[in-house]
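The structure under discussion appears below in the form of structure tokens.
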């Protein structure tokens, strides 16, 4: 087993023991981890993926996940810059825990740039517009059947394939029958 693989195995054990019971931590596989950061109503998730030579080389940081679609590009860029600068100092050491904890301290500062006004402006920009009347298609009309045609179709459906009525077609609804029967109380 190579030195990098040994360090990765040790770090997996350490991360599992530290973050056991922490709902914000998630292990996707042996080399990919996520942590969810919250500050009031604002939140984001950072994903760290190890390469084959981690920790000799920096891990990959990912913010391009569905949960983070509300983040402004400038906020994402700021988070990635902070992580890359911090990771440069820890090359050669197990750093996943260090990166997660480093960001915990910076969350209020990071999310201060994420303004609600900008979010609402983006939502208004995405608002659904009226469809173009030329693009709308009229629904196809269904064939109108006469009463006799409907009755024949119904009879065919009831009769089944062999011309026989399905099993139980004349059965009495027991619950309905019992609810109509007079109740006799024991003396």
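I'd like to know if segment 61-83 contains one or more residues that are touching a strand residue (DSSP E or B) at 6+ places or on another chain (Cβ under 7 Å), free of Cβ contacts under 8 Å to residues at least 40 places away in the same chain and assigned to a strand (DSSP E or B).
The answer is yes, given that some residue of segment 61-83 is touching a strand residue (DSSP E or B) at 6+ places or on another chain (Cβ under 7 Å), free of Cβ contacts under 8 Å to residues at least 40 places away in the same chain and assigned to a strand (DSSP E or B).
So which of 33, 19 is in contact with a strand residue (DSSP E or B) (Cβ under 9 Å, 6 or more places away or on another chain), in contact (Cβ under 8 Å) with a residue 60 or more places away in the chain and under 17 Å from residue 96 (Cα atoms)?
33
With the checklist (1) exposed (fewer than 11 other Cβ atoms within 10 Å of the Cβ); (2) at pLDDT 70 or above; (3) farther than 30 Å from residue 25 by Cα in hand, flag the one item residue 151 doesn't pass.
(1)
Give the residues of segment 19-35 that are surrounded by 14 or more Cβ atoms within 10 Å (Cβ to Cβ) and either in contact with a helix residue (DSSP H, G or I) (Cβ under 8 Å, 6 or more places away or on another chain) or assigned to a loop (DSSP other than H, G, I, E, B) (or both), sorted by residue number.
Answer for segment 19-35, where residues must be surrounded by 14 or more Cβ atoms within 10 Å (Cβ to Cβ) and either in contact with a helix residue (DSSP H, G or I) (Cβ under 8 Å, 6 or more places away or on another chain) or assigned to a loop (DSSP other than H, G, I, E, B) (or both): 19, 24, 25, 31, 33, 35.
The values are calculated or read from the model by the stated rules, or taken from the named source; none is laboratory data. Everything numeric here is computed off the predicted structure, so don't read it as measured data. For neighbour counting, all protein chains shown are included, and Cβ atoms are generated from backbone atoms with ideal geometry for every residue, glycine included.
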